[in-house]
1. Checking LEU286 against (1) closer than 20 Å to SER253 by Cβ; (2) assigned to a helix (DSSP H, G or I): exactly one of these is not met. Which one?
2. How many residues does the stretch 310-332 hold that are part of a helix (DSSP H, G or I), farther than 19 Å from GLY364 by Cβ and open to solvent by 50 Å² or more (accessible area, probe 1.4 Å)?
3. Is there a residue being small (Gly, Ala, Ser), assigned by the TED database to the domain that holds ALA111, open to solvent by less than 80 Å² (accessible area, probe 1.4 Å) and modelled with pLDDT of 75 or more anywhere in the stretch 23-34?
4. If we keep just the residues of the stretch 193-208 that are surrounded by fewer than 20 Cβ atoms within 10 Å (Cβ to Cβ) and farther than 23 Å from GLU267 by Cβ, which is farthest from the chain's Cα centre (by Cα)?
5. Tell me, which residue of the stretch 245-279 that is of a type in the set (Ser, Thr, Tyr) and surrounded by fewer than 18 Cβ atoms within 10 Å (Cβ to Cβ) is farthest from TYR221 (Cα to Cα)?
6. Output the residues belonging to the stretch 44-60 that are touching a Ser or Thr at 6+ places or on another chain (Cβ under 9 Å) and either open to solvent by less than 60 Å² (accessible area, probe 1.4 Å) or modelled with pLDDT of 85 or more (or both).
7. So which residues in the stretch 289-305 are surrounded by 13 or more Cβ atoms within 10 Å (Cβ to Cβ) and of a type in the set (D, E, K, R), if there are any at all?
8. On the given criteria, is VAL282 at pLDDT 90 or above and either exposed (fewer than 15 other Cβ atoms within 10 Å of the Cβ) or more than 21 Å from ILE190 (Cα to Cα) (or both)?
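The values are calculated or read from the model by the stated rules, or taken from the named source; none is laboratory data. All of these numbers come straight from a predicted model, not from anything done at the bench. Cβ placement follows ideal geometry from the backbone for every residue including glycine, while neighbour counts extend to all protein chains displayed. Remember, those area values only see protein heavy atoms, side chains included, never the ligands or the DNA or RNA. Shrake-Rupley method; radii C 1.70, N 1.55, O 1.52, S 1.80 Å.
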Amino acid sequence: MVMNELLLPDLFTLLDSLDWGISIFDENGKFLWVNRYVLKCSGRPRKFYEGKSVYDFQSLGILDTPVCSEVFRLKKKVTHLQYSYTGSGTLGEFIVTATPIFDSNGNVKYAVADRMDVRHLKARHELVLRERQQHDASKIKVESKKLELIYRSGVMEKLVKDVERAAAVASVILLQGESGTGKEVFAHYIHENSPYRNGPMIEINCASMPESLLESELFGYTKGAFTGALNTGKEGLIEAADKGTLFLDEINSMPLGLQAKLLRVLESKSITRIGSTKPIDVDFRLIAATNRSLVECVEERIFRADLYYRLNVIPVTIPPLRERKEDIPVLTDFFLDKFCDRYSLQKKFAKRVYRTFEAYSWPGNVRELKNIVERMVIMSTVSTITINEIPQSMFSENGFPAGPEPEMDEKERIRRALEINNGHREKTARYLNISRRTLQYKLKKYGLN
């Protein structure tokens, strides 16, 4: 084409390597050159573009709005959402930005347009965002300081001894308990007291992402396995947990298809990346956690019975805080010291605060206690924090602490969680140990919007 005479071959090679479309036009809107991405996306050869203008493409129904026409008219950069048919015959959605290039007289001599596939852009953005989150939340965690469990009750003392015996072997451990009881803390304690303590601890919440992303995060993928995949491929979290511990939280939320793949991994001690046929041997300790009865999930046919039996080797049930009242004072002091140290404060609780805490049912368990202590430490203006600083949501209508409510329905739990977190939905979702999408669904279901 004409532009081949004006530009260096190395520049064309560079433009051809880009992962988005580049088109160059003359002052009449005629195509001078397009890069390989445009050819790949449209399914047309370069020869097809020779002598044609964007207006021809509009009349042929290939695209709807020629962005270049506005560039020549307005003499400035223009960005539009554009729809055009791809080589597969489907209608694609693109973000197109056209930039004018002026001659010495200030007239638009050329226009350069870049186009990005919206679907591809969204997929890549989601993938990069997920990888950054996983780098923060699911990265290798090897603690230099030994984790300490905080408790005083006899029931917890027995539980911790049982957990320590279980941690010493390589068997699968299933942590069960209500949201906020400390399943993640126990998972770390097990890892640090296990034969795998010198290896990585990899965590992932099975309810935090859609099935397609969860599969790629768990099993990894090869180069070009799917649209938006990294050119280098990616190691999965199961593979990354080799010689260490894999912690799968909210495993009851894992889709059935992935449950079958996980079962094969546990049986064969190997994984196969998406897009590959070559198995990779892995050796890791699995800890699974659930806030629902897996037996009920099996009965509802949302959880595989064979996987349940494979996970239920060493079941550990963490009791709710209302069933171990003796632990409330020591946990309160632990969080009080923690937040006073974090915020450089010197505060203490009045005795009546402890009594009120012990009378409360704690539907959100240890997580709720932690959040309330932090709020009281931050918001109080006195050194001795009194009962007046306790959030009103902890009291019943008659002004007394809410009593034990083991059968509290889900709607009330969510309503209280919203109050505790001042209506902040992301914090409420974390507080309830559910995904924000699940919270949105439940808010709509119960009319709490």
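1. Only one criterion in (1) closer than 20 Å to SER253 by Cβ; (2) assigned to a helix (DSSP H, G or I) is unmet by LEU286, namely (2).
2. So the count comes out to 1.
3. yes
4. ASN193
5. Here the residue is SER268.
6. TYR49, VAL54, PHE57
7. ARG292, ARG304
8. When the stated conditions are applied, VAL282 does not pass them.
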